[in-house]
1. In µm²/s, what is D for the stretch 41-180 at 20 °C and 1.002 mPa s, where D = kT/(6 pi eta Rh) by Stokes-Einstein and Rh is the Kirkwood radius from Cα pairs?
2. Rounded to the nearest 5, what % of the DSSP beta bridges within the stretch 23-163 are antiparallel ones?
3. So who's got an amide H within less than 5 Å of the one on Ala301, skipping anything under 5 residues away but keeping other chains? H placed 1.01 Å off N, in plane.
4. For the stretch 221-374, what is the accessible area per residue in Å² when the probe is 1.4 Å?
5. Could you report the stretch 98-179's accessible area per residue, 1.4 Å probe, as an integer in Å²?
6. For the stretch 186-208 and the stretch 239-293, compute the distance between their C-alpha centroids and round to whole Å.
7. Please name which of Tyr80, Pro372, Leu99 has its Cα lying farthest along the dipole of the chain towards the positive end, using unit charges on Cβ (Lys, Arg +1; Asp, Glu -1) and the Cα centre as origin.
8. By the gyration tensor of its Cα atoms, with a ≥ b ≥ c the square roots of the eigenvalues, what is the shape of the stretch 282-342: rounded for a/c under 1.5, prolate for a/b over b/c, or oblate?
Amino acid sequence: MKAIVSRGRIDEYYMSRALSLAMRGMGQTSPNPMVGCVLVKGERVIGEGYHHRCGGGHAEVEALEDAARRGEDVRGAAVYVSLEPCCHFGRTPPCAQRLASEGVARVVAATTDPNPKVQGGGLDVLRQAGVEVSVPCLEAEARWLNRGFIRAQTLSRPWVTLKAAAGLDGCMSLPNGESRWITGPEARAWAHLMRASHDAILVGVGTVLKDDPELTVRHVDGKNPRRVILDSHLNTPPAAKAVRGEGGCLILTASEDKERAARLRDAGASVVRLSSEPGGRVDLKEALALLAKEGMLTLMAEGGPRVLTAFMRQGLADGLALFIAPKVMGEGSGLGTEMTLRSVAESLQLKDVRSRCVGADLLLEGRFACSPDL
């Protein structure tokens, strides 16, 4: 006897495939979202695709072209797409109109598009053309996948993940500033995978002066993120590896020193002067707004304790990835340096916490409870 499967379960099955396809564009699509699409007709997948890179074909177009290569007729097909089809002209023509013109019968969207140019408009185009529309489907998973895009569209800043390494006692560096290497090679390779999945990586000038890091993806295959240095007084050496490396370096400063800025630009860096906070440090909110405007949707902050604490203190940190090494470091700086709390009730809480072993180390990941909902 043939089992009866509900329509909702079938939708989730195909949508999970669309989300898996969307993930293939990770690190490549910004400032566009990651989107996957599956075309189904008669219980058969007749076409599928995903958005490969900004400026390339959208997922829906890739799936339609895949169906054409297979010799399939898409009229009457169901379309499963991980984000509402667009309805405006950008780098490419609108997908909602294209789907309607192809004669598809039904479109299942995981979630609506937060872009003000869309926000339900694509679904309206489809409905007006007589296409059946179902939304949402696996919405939480879809919104998490594009959390950076949603942050940029709703709060005009990237999704910010703090990445740190510490000993069992929470110490991130010794009193003399030494912090290499707290974790083992497996954890360092994992951290490079994380770099490759982000649009930008940020450190403070103190890290540049102390460690002269490359801030590139080396231990794994992947695209180098944009390097961002917070340097309030332009103390970054023009010969620093982060300045001269592949992928581009952006230095954010509050300094008016034109000579230092010119030397850094001659070395290949972009230098942008921003407002300063009390104390002379670069205004973090203004810095994040600039990164989002330049198409950087996901940011991993790898700076020292002071930089990471600044993000937490101002409520600008969304997630935390903390590598914990099985060693006691002793006296030194830790996560939360310069953040004074009056009671335990004021402490920053993580939610959706998960852990995994990476070599000899433990990776603890979670989302700050104070981070705005998606």
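The values are calculated or read from the model by the stated rules, or taken from the named source; none is laboratory data. Treat the numbers as computed from the prediction; the structure is a model and nothing was measured. Using ideal geometry, Cβ is built from the backbone for each residue, glycine included, and neighbour counts are taken over all protein chains shown. Each accessible area value is taken on the protein alone, full model and side chains, heavy atoms only, with ligands, DNA and RNA left out. Shrake-Rupley method; radii C 1.70, N 1.55, O 1.52, S 1.80 Å.
1. 125 µm²/s
2. That works out to approximately 60 percent antiparallel.
3. It is Thr161, Leu162, Lys163, Leu202, by chain and number.
4. On a per-residue basis, the stretch 221-374 sits at 50 Å².
5. Working: 3330 Å² over 82 residues.
Per-residue value: 41 Å².
6. For the stretch 186-208 versus the stretch 239-293, the Cα centre distance is 18 Å.
7. With unit charges placed on the Cβ atoms, the residue in question is Leu99.
8. Since a/c reaches 1.5 and a/b is larger than b/c, the shape of the stretch 282-342 is classed as prolate.
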